[in-house]
Amino acid sequence: MTAICPVFRFAPSPNGYLHLGHAYSALLNFDLARQAGGRLLLRIEDIDITRCRPDFEQAIYEDLEWLGMAWETPVRRQSDHLGAYVAASDRLAAMGLLYPSFESRAEIARLVAGEEAKGPWPRDPDGAPIYPGTAKSLSAGEVAALKHAGAPMALRLDMAAAIRHVGALTWQERGSGPDGETGEVAVHPEAWGDVILARKEVPTSYHLSVVIDDALQGVTDVVRGQDLFWSTSVHRLLQALLGLPAPVYRHHALLRDETGTKLAKSLASTGLRDLRAQGVTPADVRRLVGLSPRP
């Protein structure tokens, strides 16, 4: 039997400059791929049309090259493959697992506030309120009228129906979750409620596109931060619904600043470009993120 060549990937979004947290994840993927005699892919996750910019994408290539990384080409850019994501959502819709919702974010906030006035309302693992599911009660005529009126629309996964369709699931974890979860981890996608899989202005979402990309690119090992640990429940569910292979996952601890806050683009965390301008070397970066010197 021919051994499967391990395939790793680093998949940043070009919505800001890379920081030390990205460097850790990228270098960890690079090191693990080399140790396993495998392949490393770079994927540009640029479906956020309001925040992603070409100059940020170019900066990603420059920063990773400076770190001494190499990857296979061509690089997959999600914005070039929207058709693949539409085809996947069409399959889910044909299974009766998607429904349109038309509320704006402000309207959803008001709906949740109304529910919270009656008592505690559930929140997802990221702390956001679960969608109340009000759009499920719309008639076909109401849906048609809202579409005709150009109302903002999202396609949501009917989570309860999707779970009934596939039953209990697990994923293989070689790293650990925030509370030390490792090994065979039980999937709990219900914790996320009816997640959005596509919007009118962008026909996909992070959850859907990452699952399709990993499958199409033959990714066998997903190495990423613990902030995405419980998102794996949604990804494993989508893999099962669409008949896609499940990679092995390895979630790593997040790099944090002196206050304990995780490094993030939105918080202007120390960027690789700034460090380079200050005279920091790639070897220094490896030391700063806790990785051994490159052999």
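The values are calculated or read from the model by the stated rules, or taken from the named source; none is laboratory data. The structure displayed is predicted, hence computed values, not measured ones. A quick note on method: Cβ atoms are made from the backbone with ideal geometry, for glycine too, and the neighbour counts reach across all protein chains shown.
Restricting attention to segment 60-79, the residues that are in contact with a strand residue (DSSP E or B) (Cβ under 9 Å, 6 or more places away or on another chain) and either in a helix (DSSP H, G or I) or over 14 Å from Ala11 (Cβ atoms) (or both) total 8.
Scanning segment 83-117 for residues that are surrounded by fewer than 16 Cβ atoms within 10 Å (Cβ to Cβ), over 22 Å from Ser139 (Cβ atoms), free of Cβ contacts under 8 Å to residues at least 40 places away in the same chain and of a type in the set (A, V, I, L, M) yields Ala87, Ala106, Ala109, Ala113, Ala117.
Quick check on segment 66-82. Is at least one of its residues over 28 Å from Arg276 (Cβ atoms) and free of Cβ contacts under 8 Å to residues at least 40 places away in the same chain? Yes; the residues of segment 66-82 include at least one that is over 28 Å from Arg276 (Cβ atoms) and free of Cβ contacts under 8 Å to residues at least 40 places away in the same chain. Within segment 41-73, restricting attention to residues that are closer than 18 Å to Arg294 by Cβ and of a type in the set (Asp, Glu), the residue that is surrounded by the fewest Cβ atoms within 10 Å (Cβ to Cβ) is Glu65. Look at segment 228-239: where a residue is of a type in the set (Phe, Trp, Tyr) and a partner is modelled with pLDDT of 95 or more and surrounded by fewer than 23 Cβ atoms within 10 Å (Cβ to Cβ), sitting 6+ places away or on another chain with Cβ atoms under 7 Å, you get Phe229/Gly177; Trp230/Pro125; Trp230/Ala191.
Looking only at segment 2-40, residues that are in a strand (DSSP E or B), surrounded by 20 or more Cβ atoms within 10 Å (Cβ to Cβ) and out of contact with any Phe, Trp or Tyr (no Cβ under 6 Å at 6 or more places or on another chain) come to 5 in all.
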